[in-house]
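Notes follow the structure.
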Amino acid sequence: MSGQNESRIRPSGRAAVVVLGDIGRSPRMQYHALSLARQAHLEVDIVAYGGSDPHSAVKEHKSIHINEMTQWPSNPRSFPKILHPLLLILKPLVQFFMLLWYLCVKIPKPDVFIVQNPPSVPTLVAVKLASWIRRSAFIIDWHNFGYTLLALSLGRNSRFVALYHWIEKHFGKMANGSLCVTKAMQHELAQNWGISATVLYDQPPDFFQPASLEEKHKLFCGIDKSLRTPYSLQDCLSNEVLTPDDDNPNVTLFTTQTGTDISLKWNRPALIVSSTSWTPDEDFSILLEAALMYDRRVSALLNEDDLKREDVFWQEIKGGKQYPRLLFIITGKGPEKEKYEQKMAKLNLKRVAFRTMWLEPEDYPLLLGSADLGVCLHTSSSGLDLPMKVLLWICLAVDYRSVLFPTLGTMHVFLFIFISHGLKKLHTMRSCMLTLLHCPLSSINELVEVDKNGLLFSSSSELADQFVMLFKGFPGECDELKSLRQGVLASRSSVNWATEWEANAKPLISKASRFLHT
């Protein structure tokens, strides 16, 4: 709906979107807020932590009001270790009373609360109590299960995990309605939790538009200096033999502008994007190992001479020679970013480069629209959620036709949890295995059709093989990559967030609100 049409319709009620996290890093909840304002014509109060800016469409909407809570210190190192169990109790108590203050006092009375889960504690308790006090409907959007995330650090047999599980299940059943991200999660909630949930897949909202060649060039001009600055002493982007054109501000690693004409460079690197929150459920050592393997395997395939003069060697790599240079741009913020940046700096790679960056919300879709491939390293603690980046990338590829790149996703198996988090206790591993065997078919299969619209990998070696296969002959003759692109186009009809929300979320919210007030 256009802004002009929106302004003619006065809000007919009020909704509160609750996130016990950074609203700028909660895209799905931002999309809920936009749909509540645009499609349900409600005034919307967002109650969340600050930190990262939400999209301008959210910040600038007249009917959306952002209420930022004070955040609990992320790492209170000054506290003695013996007091850490006390902090586990103190933190949710402080968060609970802060949430109640905002939900019951700071914001006007809403007709409906929509809360993101996880985290479950104390969020579900506080929102349920606030909904009872204010006689509002209470809807949960299930992104994952909080107790399985807690189990990654404490172990499945922890009493804290058992208590967390009970609270999550008990208060989850008290909601007036539920949304969830996959059919596998819907099945689990119905069969083992007694909760009826409506599936609302993540889809791109309307501000995800195709990046034109001009937009791509502008983006690359803005980040070109960062791309040419390596973490280590040298890599294939910074140590190439420079030509006079490389000092031209209208020439980037990917594009060239002559007058008003913009073109893609024939010897550009292949651009691979991975988005992450730099948390333990995304093991980036898998990607680093795969990059090292790609580097070595291509050298072996081309019979490269290690004794060749360095300037000649870099010039040949810049020229492509059947296999391109790979540039991995990894976006996001999180606790493990510095650790992996240090690992990247120690890699000695000939034709692979890594860069990490945080993009403004308006630039992120442009980066996705400029990529040749997306790689997802998400491993699910429950085996039932889908990483939003996978859904977004594939839907963008179909919905806007010019964003054409398949997605590689890790198999949602608990083996990766063992690798990533070092669960050493045998009884914990057995518990996870039993959970794996009990789970429905991996939710990733709800989206990815192997060899048609994407590929799955279960090891670094397998991922490296896929890089070699997909990028042979890049950019003009990579037949396998082109085949997957065509598969993406054929696999899904045109969908977007607004149509899916209208069909699935809006009826549920209306029904819950009407039921509560009859």
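How would Thr123, Thr258 line up by accessible area, probe 1.4 Å, largest first?
Putting Thr123, Thr258 in descending order of accessible area: Thr258, Thr123.
Write down the Kirkwood hydrodynamic radius of the range 136-195, to one decimal in angstroms, obtained as one divided by the mean of 1/r over all alpha carbon pairs.
About 12.1 Å for the range 136-195.
In terms of modelled amide H atoms, which long-range or inter-chain residues lie less than 5 Å from the amide H of Met69?
Ala48, Tyr49, Gly50
Highest mean first, what order results for 144-152, 249-257 on Cβ atoms within 10 Å?
Ranked from most to least packed, the peptides come out as 144-152, 249-257.
Long-range amide H contacts for Gly454: which residues qualify at under 5 Å (H placed 1.01 Å from N, peptide plane, sequence gap of 5 or more or a different chain)?
The answer is Glu449.
Amide H neighbours of Cys180 under 5 Å, counting only residues 5+ apart in sequence or on other chains, H built in-plane at 1.01 Å?
Amide H neighbours of Cys180: Trp142, Thr198, Val199, Leu200.
Counting other C-beta atoms within 10 Å, and keeping those with at most 11, which DSSP coil trypsin sites (Lys or Arg not before Pro) do you find in the range 129-205?
Passing sites in the range 129-205 are Arg135.
Just add up the charged neighbours of Ala15: K/R +1, D/E -1, any other residue whose Cβ is under 10 Å from the Cβ of Ala15.
The answer is -2.
Apply the Karplus parameterisation 6.51 cos²θ - 1.76 cosθ + 1.60, with θ equal to phi minus 60°, to every residue of the range 254-271 and state each ³J(HN,Hα) to the nearest whole Hz, in sequence, with x for glycine and proline.
10, 10, 9, 10, 10, x, 9, 8, 10, 9, 7, 6, 5, 9, 5, x, 6, 9
The values are calculated or read from the model by the stated rules, or taken from the named source; none is laboratory data. Here the structure is a predicted model, which is why all the values come from computation and not from measurement. No Cβ is skipped: glycine too gets one built from the backbone with ideal geometry, and neighbour counts run over all protein chains shown. Note: areas computed on protein heavy atoms with side chains; ligands, DNA, RNA excluded. Shrake-Rupley method; radii C 1.70, N 1.55, O 1.52, S 1.80 Å.
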